[in-house]
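*Asks:* Can you keep this structure in mind? I'll have questions shortly.
The values are calculated or read from the model by the stated rules, or taken from the named source; none is laboratory data. This one's a predicted model, so the numbers in the text were calculated from it and none came from an experiment. A quick note on method: Cβ atoms are made from the backbone with ideal geometry, for glycine too, and the neighbour counts reach across all protein chains shown. Remember, those area values only see protein heavy atoms, side chains included, never the ligands or the DNA or RNA. Shrake-Rupley method; radii C 1.70, N 1.55, O 1.52, S 1.80 Å.
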Amino acid sequence: MDYHDLLARLGEGSAHPGGFSATLQLLDTLSIPAGVHILEIGCGTGRTACHLARHGCRVTAVDLHRHMLDKAVRRARKERVDVRFIQADVAALPLPDNHVDVVFIESVTIFTPWRKALSEYSRVLKPGGLLVDREMILSGRKTDLMSRKLKQFYGIRTLATVLGWKKRLREYGFSNIEVKEHSRKMGKWGVDHDPLREMDMNWLEDENVQRMSRTNDRLLMKYGKRLGYAVFTARVPSEAKHK
Ligand SMILES: C[S@@+](CC[C@H](N)C(=O)[O-])C[C@H]1O[C@@H](n2cnc3c(N)ncnc32)[C@H](O)[C@@H]1O
């Protein structure tokens, strides 16, 4: 069982820094109008995707993990909202170019080959489209050992500072790059009550989960002070689409 299997089995509804309340606050400030086509990448168990659909957006939601998506599909059915769920890798999105108005991401890009991910976000966005990405960031010193341990347990493939992420976004042709939220600490997540949470097991009785939870605590104790999070927004300039 890897970290994402664990999240899927626990049915975690908002596995990102700040949890669901941070998502709601962010959406408030973004004021995305109803009717826009949003692509959520790495939608997990679909809590944000369903929320967006309930508020009138046309939502396509992608995740690599079958078990996450199964839970997301059941959530959408229970909420009676229409979301198009697709099992796919962010590195090769099965979607046409210039397809969506907004790409929305919560704690996913760090687990992916970021160059391919940024290039796919840009490809599927319409000219002038909006990228919103909430990611864990590096707020202190990074060592090889730290990178190795975080990759081994969480599957984190890339860690960068706020400046590092801004540079990457610029390199991949994004403009109007803004940092909407920035915290040098990770803070808590998974604390909001999710009425539609589907847990596979009683985690208190599962040895595997307990072992992983202890490793999680140990890693956070050791490296948590060097990790924070940020929310980036950026646009795909219209000219970039005509190169
Ligand atoms: C930390 S979870 C966040 C889930 C959800 N965004 C949330 O906030 O609850 C990361 C998610 O990204 C998905 N993911 C990881 N790598 C991916 C990839 N290469 N392509 C698509 N999804 C991926 C995982 O399956 C998982 O659902």
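*Asks:* Output the antiparallel fraction of DSSP beta bridges having both residues in the chain, as a percent to the nearest 5. Please report the intermediate quantities before stating the final value.
*Replies:* Working: 15 of 35 bridges.
Antiparallel: roughly 45 percent of the beta bridges in the chain.
*Asks:* With springs connecting C-alpha atoms under 10 Å apart, model the chain as a Gaussian network and identify which of 116, 151, 78 has the largest mean-square fluctuation.
*Replies:* Looking only at 116, 151, 78, the largest GNM fluctuation is found for 78.
*Asks:* Could you go through segment 209-226 in sequence order and give the Karplus-derived ³J(HN,Hα) for each residue, using 6.51 cos²θ - 1.76 cosθ + 1.60 with θ = phi - 60°, rounded to whole Hz, and x for Gly and Pro?
*Replies:* 5, 5, 5, 5, 5, 5, 5, 4, 4, 4, 5, 5, 4, 6, 10, x, 5, 9
*Asks:* Would you mind getting the accessible area per residue of the chain, heavy atoms of the protein chains only, 1.4 Å probe, in Å²?
*Replies:* Working: 12100 Å² over 243 residues.
Using a 1.4 Å probe on heavy atoms only, each residue of the chain averages 50 Å².
*Asks:* Assign one of three labels to the chain, namely rounded, prolate or oblate, based on the Cα gyration tensor with a ≥ b ≥ c the square roots of its eigenvalues; rounded applies when a/c is under 1.5, prolate when it is not and a/b is larger than b/c, and oblate otherwise.
*Replies:* Verdict is oblate for the chain.
*Asks:* Take 161, 112 and sort them by solvent-accessible surface of the protein heavy atoms, 1.4 Å probe, largest at the top. Intermediate results must be reported in sequence, preceding the final value.
*Replies:* On the way: 161 60, 112 15 Å².
My answer, sorted largest first, is 161, 112.
*Asks:* Here is a follow-up. Per the 1.4 Å probe, what fraction of the accessible area of the chain, in percent, lies on carbon and sulfur atoms?
*Replies:* 49 percent
*Asks:* On to the next question. Around residue 218, under 13 Å between beta carbons, what's the net of Lys plus Arg minus Asp minus Glu among the other residues?
*Replies:* Working: positive: 149, 211, 214, 222; negative: 217.
Every neighbour counted, the sum reads +3.
*Asks:* Any idea how far apart residue 5 and residue 153 come out in nm if each label point goes 7 Å out from Cα toward Cβ?
*Replies:* About 1.8 nm separates the two model spin labels.
*Asks:* Please list, ordered by chain and number, the residues whose modelled amide H lies under 5 Å from the amide H of residue 16; skip anything fewer than 5 residues away on the same chain.
*Replies:* Long-range HN contacts for residue 16: 190.
*Asks:* Round to the nearest 10 and report in Å² the accessible area of residue 41, as given by a 1.4 Å probe over the protein chains' heavy atoms.
*Replies:* Per-residue accessible area (residue 41): approximately 0 Å².
*Asks:* Specify the residue with the greatest mean-square fluctuation among 185, 222, 126, computed from a Gaussian network of the chain linking alpha-carbon atoms under 10 Å apart.
*Replies:* 222
*Asks:* What accessible surface, in Å², does a 1.4 Å probe find on residue 32, ignoring ligands, DNA and RNA and rounding to the nearest 10?
*Replies:* My reading of the accessible area for residue 32 is about 40 Å².
*Asks:* Can you tell which of 48, 31, 129 lies farthest toward the positive end of the dipole of the chain, using +1 and -1 charges on the Cβ of basic and acidic side chains (Lys, Arg; Asp, Glu)?
*Replies:* 129
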